[in-house]
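Novice: If you scroll down you'll find the structure; I have some questions about it.
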Amino acid sequence: MSFDEALTIAQEEGYAEPDPSFDIEGMDAAHKIGILAYLAYGSSLPPAHFYVEGITNIASTDFQYAKNHKLALKHLAVAKLVDDAVEMRVHPVLMDEKSSLASLQGVRNGIELDTNLVGKVHLAGSGAGRESTASGLISDLMSLARSNNKLPSRPDHPPVKIVEFSSSIFKYYFYLEVDDELGAAASITSCFAKYGISLESIIQEDHLQNNKAPIIITTDSTSEKNAQATLEELSNLSPVSSSKLIRIERDS
């Protein structure tokens, strides 16, 4: 099933809007994590001020890789304390298929709270569709009607510093489509070496119908800045016709 076919079904079932850009570009998830970060840390950043990536670049080959390597491909929104700053980001990730968030299926959404006293707390429920939307609206209206208090003001938190996304550290999955020509592999690996990125694996899949060779590379931990610089270098190589990366989330 193609991305467009899946999107059409989601729209017909009421899980995606007629204009789906807010959903597929990650903005809906970004607003949700923004509200949670505001309540938890006092961070009032709008999505324009932190990294947001949608799902439009995800393909069936990425899901197949995840399945073959006991991983799950999910769209994740994160807000967490890093020392005395808050890291906020929204993007697709590869994660352990046994993790609680990876187990969510269909339109179910999940929240993982990592606390200092009771450890990790997991919440899950329906996150899209006519019924869940109507239920949420009715619940909010009833709460407002029953309350004699004003809407909650800004939580009593000191101002927070925000972690620069370029300094975030991940392992990465790179997917390339490459012309099968002499010296292509050496050119590709030299891009990673230039930024000091160690490779964990290199897999060349069967040729595609366009006679391109799909190459999947996973890396050791490196910074987002180095990964993006490497991706740009790869995209400029003449044998490389297509390139993208997905971050590997190891903590969930």
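Novice: Could we say that G110 is small (G, A, S), assigned by TED's automatic domain parsing to the domain that holds A10 and modelled with pLDDT under 90 here?
Specialist: No, not satisfied.
Novice: Can you name every residue in segment 195-212 that is under 26 Å from the mean Cα position of the chain (by Cα), surrounded by 12 or more Cβ atoms within 10 Å (Cβ to Cβ) and farther than 18 Å from H69 by Cα?
Specialist: Y195, I197
Novice: Which pairs turn up if I take residues in segment 79-93 that are in the same structural domain as L45 (by TED's automatic domain parsing) and among the hydroxyl-bearing types (S, T, Y) and look for partners that are at pLDDT 95 or above and assigned to a loop (DSSP other than H, G, I, E, B) with beta carbon separation below 9 Å, at least 6 apart in sequence or on another chain?
Specialist: none
Novice: Next question, about the same structure. Of all the residues that make up segment 67-91, how many are closer than 19 Å to G26 by Cβ and either small (G, A, S) or within 16 Å of the chain's Cα centre (by Cα) (or both)?
Specialist: Of the residues in that region, 14 qualify.
Novice: How many of the residues in segment 190-222 are closer than 20 Å to D62 by Cβ and either basic (K, R) or not assigned by TED's automatic domain parsing to the domain that holds S242 (or both)?
Specialist: Adding up the residues that qualify gives 1.
Novice: Given the structure, is L76 of a type outside the set (K, R), farther than 18 Å from L7 by Cβ and modelled with pLDDT of 90 or more?
Specialist: Yes; evaluated as a whole, the condition is true for this residue.
Novice: OK, next. Could you run through segment 12-21 and say how many residues are in contact with an Asp or Glu (Cβ under 7 Å, 6 or more places away or on another chain) and buried (at least 17 other Cβ atoms within 10 Å of the Cβ)?
Specialist: 1
Novice: May I ask you to say which residue of I9, I35, I24 is surrounded by fewer than 15 Cβ atoms within 10 Å (Cβ to Cβ) and either within 29 Å of T115 (Cα to Cα) or modelled with pLDDT of 85 or more (or both)?
Specialist: Among I9, I35, I24, only I35 is surrounded by fewer than 15 Cβ atoms within 10 Å (Cβ to Cβ) and either within 29 Å of T115 (Cα to Cα) or modelled with pLDDT of 85 or more (or both).
Novice: Now for a separate question. Can you pull out every residue in segment 94-108 that is in contact (Cβ under 8 Å) with a residue 24 or more places away in the chain and in a strand (DSSP E or B)?
Specialist: L94, M95, D96
Novice: Restricting to segment 23-46, name every residue that is more than 20 Å from A10 (Cβ to Cβ) and under 14 Å from the mean Cα position of the chain (by Cα).
Specialist: If the condition is that a residue be more than 20 Å from A10 (Cβ to Cβ) and under 14 Å from the mean Cα position of the chain (by Cα), then I33 is the only one that fits.
Novice: Within segment 212-229, track down each residue that is free of Cβ contacts under 8 Å to residues at least 40 places away in the same chain and touching a strand residue (DSSP E or B) at 6+ places or on another chain (Cβ under 8 Å).
Specialist: Within segment 212-229, K212, A213 meet the criteria.
The values are calculated or read from the model by the stated rules, or taken from the named source; none is laboratory data. Everything quoted here is computed from the prediction, not taken from an experiment. Don't worry about glycine lacking a Cβ; one is built from the backbone with ideal geometry, like all the others, and counts go over all protein chains shown.
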